[in-house]
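One structure is given below, encoded as structure tokens.
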Amino acid sequence: MGFLRMVILMDLVGGVLQWAKSENNWNSFYHRRRQHQCAQKQTYCLEERIHKNSSNMASSCCKISPIVSTFVFFLFFNISSICPVMSLESDNTHQANQTFRPREELNKLKNIRAHLMKINKPSLKTIRSPDGDLIDCVVTHQQPAFDHLQLKGQKPLDPPERPKGHNPTGTVSENYQLWSFLGESCPQGTIPIRRTTEQDLLRASSITTFGRKLKKPIQRDSSTNGHEHAVGYVTGEEYYGAKASINVWAPIVANQYEFSLSQLWVISGSFGDDLNTIEAGWQVSPELYGDNYPRFFTYWTSDAYQATGCYNLLCSGFVQTNDKIAIGATISPTSSYNGGQFDISLLVWKDPKHGNWWLEFGSGQLVGYWPSFLFTHLRDHASMVQFGGEVVNSQQLGSHTSTQMGSGHFSGEGFGKASYFRNMQAVDFDNSLVPLSNLRVLADHPDCYDIRGGINNVWGNYFYYGGPGRNDKCP
């Protein structure tokens, strides 16, 4: 039995060693173990952290020879007295006494790999973006949406009829994304998809929650759920779409677990478990993307952010048809305070013929569609359309977050300083774009982020919104 146990463990360790081919992967897998180089040889010191009340301090260096590395790893995993590995994540006594568990880590790694295999599809070409993203050119009918049982074996639908009163000017493709600035493009018959990495998944709280918003209400009394809004909205009628031009900025996000976004929502159902939403806009989300760039995003849910829906193409749902726009990729340029202003136009509307909800980005660039079968209430129509900003306030230091919304400046500063939405419209039952009637504006915490609306002949319905977060009036 002892020999058999050794063989099994040696096989397990061999799997780990086979995986650890690069220093970066090594550090990712052993992120809870401190490593030091000893002298000028390949020597790794495994430092045991002892709780501050402990009387003894101990550390040991295990020299790993290329010849006997497997044997040393066997000893490391099975004889903790020789080379103990303790948690370094906090001074908490319980955590300090936890040992490294190779089986759990290996299972986690296997689960991450399996999930990456599921969402990262084979590509005909890969483009490296200046911001570090990898953009994979995936055959259109092999994108994640077609993993859905109701879409298997199908191909994307042809473009629908645009809403009446909509006159897109985009006969030439506009270049709003950083990855395509160097002239690279995807071959015909493919779509660009931002590749999800192991690091993306490791930042998430779990694989099951990766790429999803946490369950939260959208009611305006959101002061207790950590999500704060400054929005304009209309309700009380049947809506079949929405359109707006959204000012793009790069707001500062205080920590990895918060985000700042500006978007439009198409909403139906109650604000309980049956809420349906379609969402599109730009966001800064260090947890999702690993940086602080503003990125074009989409989202959907049919059960109030519980089990359905996801960002971008991170699950089966949204069907992309465009070969020039990568959902989740960095938007460029952005606006600057007292300087140049940049905005993007977004249109979401329901195709009267097939009932699917289509998305247009910029001036006439169809991105793709959400199939109607994804939804319950939105199979018919929306009961609310909403525009505006949202941030997460985690209150990590016991005070309000300093994460910015929009430009990070209050609405009263106006054009060139405060962020804006302009030319907001809705799509009616006749598939026509119409002005918003009775637009209401509301900010959850106006001392932190505020909003003020207006209407004129050039911008139609518009509002300025945003703020710095924590300040003298928002402690």
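Computed from the alpha carbon positions, the gyration tensor of region 383-475 leads to an equivalent ellipsoid with semi-axes of 29, 15, 9 Å, biggest first. When the solvent-accessible area of region 266-403 is split by element, carbon and sulfur atoms take up 47 percent of it, the probe being 1.4 Å. Full extension of the segment from Ser394 to Asn423, taken as 0.36 nm per residue of separation minus the current Cα-Cα distance, would add 7.2 nm.
So, for region 199-336, what is the accessible surface per residue at a probe of 1.4 Å, expressed in square angstrom?
Values: 4040 Å² over 138 residues.
Accessible surface, normalised per residue, equals 29 Å².
With each label modelled as a point 7 angstrom along the Cα→C-beta vector, the Leu116-Val139 pair spans 2.3 nm. Size of region 436-475: Rg and Dmax of its alpha carbons, in Å, are 12.6, 39.
Which of the pairs Lys243/Lys353; Lys125/Lys213; Lys125/Lys155; Lys110/Lys324 have their Cα atoms more than 25 Å apart in this structure?
Check vs 25 Å cut-off fails for Lys125/Lys213; Lys110/Lys324.
Amide H to amide H distances under 5 Å link Thr330 with Leu178, Trp179, where only residues 5 or more positions off or on other chains count and H is placed in the peptide plane. A dipole drawn for region 339-458 from +1 and -1 charges on Cβ atoms has a positive end, and of Phe375, Ser432, Val458 the residue lying farthest that way is Ser432.
What is region 96-162 by shape, rounded, prolate or oblate, if you read a ≥ b ≥ c off the alpha carbon gyration tensor as root eigenvalues and call it rounded for a/c under 1.5, prolate for a/b larger than b/c, and oblate otherwise? It is prolate, given that a/c is not under 1.5 and a/b is the larger ratio. Amide H contacts of Lys125: Cys137, each under 5 Å away and 5 or more positions distant or on a separate chain (H built 1.01 Å from N in the peptide plane; Pro and chain starts excluded). Rounded to the nearest 20 debye, the dipole magnitude of region 297-403 is 100 debye, with +1 charges on Lys and Arg beta carbons, -1 on Asp and Glu beta carbons, and the Cα centre as origin.
Summed over the residues of region 119-184 and divided among them, the accessible surface reaches 58 Å² per residue at a probe radius of 1.4 Å. Rounded to the nearest 0.05, the FRET efficiency derived from the C-beta distance between Asn255 and Lys164 at R0 = 56 Å is 0.75. In this simple spin-label approximation, Thr308 and Phe373 carry label points 7 Å from Cα along the Cα→Cβ vector, and these lie 1.3 nm apart.
Quick one: dipole size for region 112-262, taken about the Cα centre, charges +1 on Lys/Arg Cβ and -1 on Asp/Glu Cβ, in debye to the nearest 20.
Its charge dipole is roughly 440 debye.
Taking a point 7 Å from the Cα of Leu182 along the Cα-to-Cβ direction, the residues of region 322-361 with backbone N closer than 16 Å to it are 330.
When you work out D = kT/(6 pi eta Rh) for region 182-308 at 25 °C and 0.890 mPa s, using the Kirkwood radius from C-alpha pairs as Rh and the Stokes-Einstein form, the result is 147 µm²/s. Label-to-label distance for Asn292 and Gln150 is 4.2 nm, based on points extended 7 Å past Cα in the beta-carbon direction. Computed about its Cα centre, the charge dipole of region 349-475 is approximately 80 debye, with only Lys, Arg, Asp and Glu carrying charge at their Cβ.
The values are calculated or read from the model by the stated rules, or taken from the named source; none is laboratory data. Just so it is clear, the model here is predicted, and its values are computed rather than measured. Glycine gets a Cβ as well: all are built from the backbone with ideal geometry, and neighbour counts include every protein chain shown. Quick note on the areas: whole protein, heavy atoms, side chains included, nothing else; ligands and nucleic acids left out. Shrake-Rupley method; radii C 1.70, N 1.55, O 1.52, S 1.80 Å.
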